[in-house]
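One structure is given here, and the rest of the page talks about it.
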Number of protein chains: 2
Amino acid sequence: MSYSIGEAAKMVGLTAHTLRFYDKEGLLPFVKKTSSGLRAFTESDIEWLKIIECLKGTGLPLKQIKQYIDWCMEGDSTIPQRLNMFIEQKKRVEEQKAKWEKHLEKINFKIKYYEDAAKHGDLNVFERNPKLLEEKKRLFED
Amino acid sequence: MSYSIGEAAKMVGLTAHTLRFYDKEGLLPFVKKTSSGLRAFTESDIEWLKIIECLKGTGLPLKQIKQYIDWCMEGDSTIPQRLNMFIEQKKRVEEQKAKWEKHLEKINFKIKYYEDAAKHGDLNVFERNPKLLEEKKRLFED
DNA sequence: TTAATCTTTAGAGTTAACTCTAAGTCAAGA
DNA sequence: TCTTGACTTAGAGTTAACTCTAAAGATTAA
């Protein structure tokens, strides 16, 4: 049993256009076609799409995803490169998470700031709450 | 005391080109110019840049950042919109964080998978370790 | 004062990742 | 069989966010 491009697209939350674009870019060399030329996605292909989505969703550019796919197609000799790629990607994700943590602190500060401002209808927040000014200094200096 | 565009750029980790582009897009209406036409960034402007970086870094498009800046320029009447924007952005960041958490699980699985593959020089990982197959099924189904 | 190094503008070019169009082919239901 | 809707390709167009260029003006150090 296999899926058409439209069915596969729906399953992974992309459009058929996007899947064709990925194919054109060489990201889907594993997808076979029927005798009449229609792409037929297997269960295994859907899993490929999910791992592509995982890498794309964590910010890896399509070019590097293609590099990974190429390694996979090349065979067992590229296992070290693939392992290394996932280790690097894990590192990037964790760095990114730390960055977002810092950004989130600033956003939380702004929420506190504007909550007070909204309550009083003006921006004299720091006069009312000098501790918030200290927090701001801490958050925005580097 | 104030900073030239190049100094300001260095301080926030952007290029002067990018700052001019932001200015052209209307993101920096607060930056004043000297009598001879050079941009002069104040300490306060640098703080604006940092909040722009925070919003951009958490995935808010420049158009919506401009919307926020416009609200700030408009005055106290837009405090509720600004509060709302930061609340929404916080929500988005937390959703994104949850998504990354899930992606990270898949990446960690792949690391385990390729570590075993690398150790043995082949991809018969699931034959050696059926529990990893279970984990894969759990991670890649939905 | 002069050379080197900024900065200014308008506008063109780039990159990534889609997104769509046209013209034709294929498949499934009535 | 016919119609409707999904599929095919090549290739053009779009969007966001830069990134760069050219030509001219401003600033700074020697």
Failed item, numbered, when B:Lys66 is tested on (1) in the same structural domain as B:Leu139 (by TED's automatic domain parsing); (2) in contact (Cβ under 8 Å) with a residue 40 or more places away in the chain; (3) among the basic types (Lys, Arg): (1)
In region A:8-36, the residues that are of a type in the set (A, V, I, L, M, F, W, C) and either open to solvent by less than 50 Å² (accessible area, probe 1.4 Å) or more than 24 Å from B:Lys106 (Cβ to Cβ) (or both): A:Ala8, A:Ala9, A:Val12, A:Leu14, A:Ala16, A:Leu19, A:Leu27, A:Leu28, A:Phe30, A:Val31
Any hit, region A:1-17, residues being near DNA strand C (Cβ under 8 Å from one of its atoms) and under 18 Å from A:Leu55 (Cα atoms): yes
Test: residue in region A:37-47 that is within 18 Å of B:Lys106 (Cβ to Cβ), within 16 Å of DNA strand D (Cβ to nearest atom) and either hydrophobic (A, V, I, L, M, F, W, C) or open to solvent by less than 40 Å² (accessible area, probe 1.4 Å) (or both): yes
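One line per residue, one yes/no per condition, for (1) of a type in the set (Lys, Arg); (2) buried (at least 17 other Cβ atoms within 10 Å of the Cβ); (3) under 15 Å from the mean Cα position of the chain (by Cα); (4) modelled with pLDDT under 95:
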residue: A:Ile52; (1), (2), (3), (4): no, yes, yes, no
residue: A:Lys66; (1), (2), (3), (4): yes, yes, no, no
residue: A:Ile69; (1), (2), (3), (4): no, yes, no, no
residue: A:Met73; (1), (2), (3), (4): no, no, no, no
residue: A:Ile79; (1), (2), (3), (4): no, yes, no, no
residue: A:Asn84; (1), (2), (3), (4): no, no, no, no
residue: A:Ile87; (1), (2), (3), (4): no, no, no, no
residue: A:Val93; (1), (2), (3), (4): no, yes, yes, no
Matching helices (runs of 4 or more DSSP H) fully within region B:36-142 where at least 3 residues are at the interface with chain A (Cβ under 10 Å from one of its Cβ atoms): B:43-57, B:79-120, B:130-140
Single condition B:Arg128 does not satisfy, out of (1) within 16 Å of A:Ile79 (Cβ to Cβ); (2) surrounded by 18 or more Cβ atoms within 10 Å (Cβ to Cβ): (2)
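The values are calculated or read from the model by the stated rules, or taken from the named source; none is laboratory data. Keep in mind that this is a model prediction, so the values were computed, not measured. FYI the Cβ positions are ideal-geometry reconstructions off the backbone, even for glycines, and counts take in every protein chain you see. Areas reflect the complete protein model, heavy atoms only, side chains present, ligands, DNA and RNA absent. Shrake-Rupley method; radii C 1.70, N 1.55, O 1.52, S 1.80 Å.
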